[in-house]
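As structure tokens, the structure follows; a few thoughts come after it.
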Amino acid sequence: MSTEQNENEFIFLSPPHQTGKELAYLQEVLESNYLAPVGPMLNAFEADFTTYTDIPHCAAVSSGTAALHLALLALGITKGDHVWVSTLTFMGGVSPILYQGAIPTFIDSSKTDWTLCPILLKEALAEAAENGTLPKAVIVTDIYGQCCDYAAIRAACEPYNIAIISDSAEAMGAFRDGKHAGYHADIAIFSFNGNKIMTTSGGGMIASHNKEWIERARYLATQAKQPELHYEHTELGYNYRMSNLIAAIGRAQLEQLTERVAIRRDIFSRYQEELGTIDGIRFIPEAEGSQMNCWLTVMLLDPAQIAITPHDLCLALKEKNIEARPVWKPMHQQPVFAEYHAITNGTADTLFATGICLPSGSSLTKAQQERIITTLKSLIQ
Ligand SMILES: *Cc1c(COP(=O)(O)O)cnc(C)c1O
């Protein structure tokens, strides 16, 4: 490749990054001929996941969305049940509520860490208790790899015995108060989609301290087969299990995760150092006790001081071969959910209107990041 091409090569937002043992582990599976949704590599991946997160039980599945669906099933969420969920999230963190015929209510974020606001939650639960519309579960999203305030969320939910599901899809390698994302939830789900901090091309995990829930999830994820020689089914199941082949990639990626988090945190710091001094620019705040994985660096543009909008900035960056994205469009603004109730405080709306996600992949070189920063400076000022 010529230098000229190199200088202008396309920079992706968060591309997959291999340097570990993916190929060696894949080869091991191919040689073993375990090309199935069971096998030693899948078991090893789950064991490694438990070691890393300290969450004792888990089941690897085909996606984060499937994992969330299984979490709702394991908790017995069914038609007509209420489930509350962060409005600042991705579609896959909500759609399983509708798969179950349950009713979502969207809850806004806290200004201090952008995760589901425990104060808003507490007030809304007290009101719902009076109206007899309490949710069976609350799904809290560890947004952009920042863990929510599990202690405060638990304090709000405990009086009503409401289950807490953490959507930690974006939060592999993130910690809060020394514990891994999802550790303090009743059930946690994770995603290994291609754009996440570690990937299996597509995949997910459901994890919990409760063995029964994970056993039930595993059973439902493999067509709900009864333990009979013939195929016996007493209820409906799904084909959601991760394949033994794909688990090989997950194992290799997990071995690299700690290092990848460190790289993404460095990328975040450099953006902050170079751009954070410009009037009207802020970055996602790291909460006290929170160790973000910095999956994506999110930058906020104050419209009173910065002329260009995140939308136009994304388009201008694209012209320069740089991929950037607006912050997640809040679910209460999505036409598909127009009929559902939202409890808002304006935070998610503001973040969507003013936020932009910058290229944050762990394979991003310093030269590439300098190119991004220089381009941003020229477009912003
Ligand atoms: C990626 C993501 C999901 C869905 O995960 P998939 O593996 O793509 O199904 C769910 N919730 C959030 C917050 C995500 O970022």
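Quick note: the coordinates plus some simple rules give every number you see, no bench work behind them. Only a predicted model underlies this, so the values are computations on that prediction, with no experimental measurement involved. Every residue, glycine among them, receives a Cβ derived from its backbone with ideal geometry; neighbour counts consider all protein chains shown.
Of everything listed in (1) closer than 19 Å to LYS196 by Cβ; (2) crowded, with 16+ Cβ neighbours inside 10 Å, the single unmet condition for SER363 is (2). The residue of region 91-108 that is surrounded by the most Cβ atoms within 10 Å (Cβ to Cβ), among those that are of a type in the set (A, V, I, L, M) and without any contact (Cβ under 8 Å) to a residue 60 or more places away in the chain, is ILE97.
When each of ILE197, ILE206 is tested for being in a strand (DSSP E or B) and touching a helix residue (DSSP H, G or I) at 6+ places or on another chain (Cβ under 9 Å), the lone residue that passes is ILE206.
Filtering region 355-381 to residues that are in a strand (DSSP E or B) and more than 16 Å from the ligand (Cβ to nearest atom) leaves ILE356, LEU358.
Quick grid of which residues meet (1) touching a residue at least 24 places away in the same chain (Cβ under 8 Å); (2) assigned to a loop (DSSP other than H, G, I, E, B):
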{"position": "TRP295", "(1), (2)": "yes, yes"}
{"position": "ALA304", "(1), (2)": "yes, yes"}
{"position": "ILE308", "(1), (2)": "yes, yes"}
{"position": "LYS318", "(1), (2)": "no, no"}
{"position": "VAL336", "(1), (2)": "no, no"}
{"position": "TYR340", "(1), (2)": "yes, yes"}
{"position": "ALA353", "(1), (2)": "yes, no"}
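Of the listed requirements (1) more than 16 Å from the ligand (Cβ to nearest atom); (2) within 18 Å of MET91 (Cα to Cα), SER290 misses just one: (2).
The listed residues are THR112, THR141, THR133, and the only one of them that is in contact with a strand residue (DSSP E or B) (Cβ under 8 Å, 6 or more places away or on another chain) and over 18 Å from ALA71 (Cα atoms) turns out to be THR133.
For the criterion of being hydrophobic (A, V, I, L, M, F, W, C) and either within 16 Å of the ligand (Cβ to nearest atom) or under 15 Å from the mean Cα position of the chain (by Cα) (or both), ALA224 fails. Is there a residue in region 194-207 that is in contact (Cβ under 8 Å) with a residue 12 or more places away in the chain, surrounded by 20 or more Cβ atoms within 10 Å (Cβ to Cβ) and away from the ligand (no atom under 16 Å from the Cβ)? No, there is no match, as no residue in region 194-207 is in contact (Cβ under 8 Å) with a residue 12 or more places away in the chain, surrounded by 20 or more Cβ atoms within 10 Å (Cβ to Cβ) and away from the ligand (no atom under 16 Å from the Cβ). Take the residues in region 141-172 that are among the β-branched types (Val, Ile, Thr) and not in a loop (DSSP other than H, G, I, E, B), then tell me which one is nearest to the ligand (Cβ to nearest atom). The qualifying residue nearest to the ligand (Cβ to nearest atom) is THR141.
Scanning region 82-93 for residues that are assigned to a loop (DSSP other than H, G, I, E, B), within 18 Å of the chain's Cα centre (by Cα) and within 17 Å of ILE187 (Cα to Cα) turns up nothing.
The number of residues in region 324-375 that are within 26 Å of SER86 (Cα to Cα) and among the acidic types (Asp, Glu) comes to 2. Put simply, of GLU273, GLU288 the only residue that is without any contact (Cβ under 8 Å) to a residue 12 or more places away in the chain, out of contact with any Pro (no Cβ under 7 Å at 6 or more places or on another chain) and outside any helix (DSSP H, G or I) is GLU288. Of all residues in region 40-57, those satisfying the criterion of being in contact (Cβ under 8 Å) with a residue 40 or more places away in the chain and of a type in the set (A, V, I, L, M, F, W, C) are MET41, LEU42, ALA44, PHE45, PHE49, ILE55.
Looking at LEU68, LEU121, LEU88 in this structure, which one is crowded, with 20+ Cβ neighbours inside 10 Å, under 27 Å from GLY289 (Cβ atoms), in contact with a Ser or Thr (Cβ under 6 Å, 6 or more places away or on another chain) and not basic (Lys, Arg)? Spell out the reasoning first.
Numbers: LEU68 fails: in contact with a Ser or Thr (Cβ under 6 Å, 6 or more places away or on another chain); LEU121 fails: in contact with a Ser or Thr (Cβ under 6 Å, 6 or more places away or on another chain).
Every option except LEU88 fails the conditions.
Apart from one condition, LYS111 fits all of (1) farther than 23 Å from THR354 by Cβ; (2) surrounded by fewer than 22 Cβ atoms within 10 Å (Cβ to Cβ); the exception is (1). Of the residues making up region 221-245, those that are aliphatic (A, V, I, L, M), surrounded by fewer than 22 Cβ atoms within 10 Å (Cβ to Cβ) and touching a residue at least 24 places away in the same chain (Cβ under 8 Å) number 1. Kindly check whether there is at least one residue in region 32-39 that is within 16 Å of the ligand (Cβ to nearest atom) and either buried (at least 20 other Cβ atoms within 10 Å of the Cβ) or free of Cβ contacts under 8 Å to residues at least 40 places away in the same chain (or both). Taking every residue of region 32-39 in turn, none turns out to be within 16 Å of the ligand (Cβ to nearest atom) and either buried (at least 20 other Cβ atoms within 10 Å of the Cβ) or free of Cβ contacts under 8 Å to residues at least 40 places away in the same chain (or both).
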